[in-house]
Amino acid sequence: MDETPLEFEKLRQLLDRSAETAGAHLRSVITPDRRLSAPHLCERLQGMRLLVVATVTRDGRPLAGPVDGYFFHGSWYFGSARGSARMRHLEARPGVSATHLVGEDFAVTVHGRAELFDIAGPVHPELREAMLAHYLPLQGPAFAEWLKKSDLLGARIEASKMFTFYAGAD
């Protein structure tokens, strides 16, 4: 895990604040015993995790789709082509929601704003490194070459709310 003690504390505060301000129905589903601690959440989200990201079109329609998500330093990160509908939406309207869902027993949902950056640039190099760590063993050097030539934007979700649900056994 890459989180510092300060990042764990900020994530804990975000999770607590989100739970405290949730509506009655959500609190009845995500009871305190079904919430994950910040360290436990970070431990469960190692490596690439499929994330469904929702953006908003110019005329207010929601648009959701899957991306390769990476959770580190207490935040979700993902990338997509610079000209993709998703990134165009986020450039114009940075509000975003995303969910990572594993069956019926584990989910993480985040709401916030997307901070966009060039994947090949010096800001948040950890996303590029995580992508290489995941895909080089699967696709070999061709992935590194593709990534070098691609025109990808990265996004970090600056969370205003984050909810965890865990009904599994440890």
Just a yes or no: is a residue in segment 57-68 within 26 Å of W146 (Cα to Cα) and in contact with a Gly (Cβ under 8 Å, 6 or more places away or on another chain)?
yes
Some residue of segment 85-99 being of a type outside the set (G, A, S), in contact (Cβ under 8 Å) with a residue 24 or more places away in the chain and touching a helix residue (DSSP H, G or I) at 6+ places or on another chain (Cβ under 7 Å)
yes
Just to be sure, is R156 surrounded by fewer than 19 Cβ atoms within 10 Å (Cβ to Cβ), out of contact with any helix residue (DSSP H, G or I) (no Cβ under 7 Å at 6 or more places or on another chain) and assigned to a strand (DSSP E or B)?
no
Restricting attention to segment 55-66, does a residue exist that is in contact (Cβ under 8 Å) with a residue 24 or more places away in the chain, of a type outside the set (D, E), under 17 Å from E115 (Cβ atoms) and touching a strand residue (DSSP E or B) at 6+ places or on another chain (Cβ under 9 Å)?
yes
For segment 53-72, what are the residues that are buried (at least 18 other Cβ atoms within 10 Å of the Cβ) and over 11 Å from the mean Cα position of the chain (by Cα)?
T55
Would you call F78 more than 24 Å from A120 (Cα to Cα), within 18 Å of the chain's Cα centre (by Cα) and in contact (Cβ under 8 Å) with a residue 60 or more places away in the chain?
no
Mind listing whichever residues of segment 135-153 are outside any strand (DSSP E or B) and either of a type in the set (K, R) or crowded, with 16+ Cβ neighbours inside 10 Å (or both)?
Y135, F143, L147, K148, K149
Please enumerate the residues belonging to segment 159-170 that are farther than 27 Å from A85 by Cβ and either of a type in the set (A, V, I, L, M, F, W, C) or assigned to a loop (DSSP other than H, G, I, E, B) (or both).
F165, A167, G168, A169, D170
With L15, L50, L90 as the choices, which residue is at pLDDT 95 or above, closer than 28 Å to G168 by Cβ and surrounded by 14 or more Cβ atoms within 10 Å (Cβ to Cβ)?
L15
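The values are calculated or read from the model by the stated rules, or taken from the named source; none is laboratory data. Note that the structure is a prediction, hence the values are computed from the model and not measured. A quick note on method: Cβ atoms are made from the backbone with ideal geometry, for glycine too, and the neighbour counts reach across all protein chains shown.
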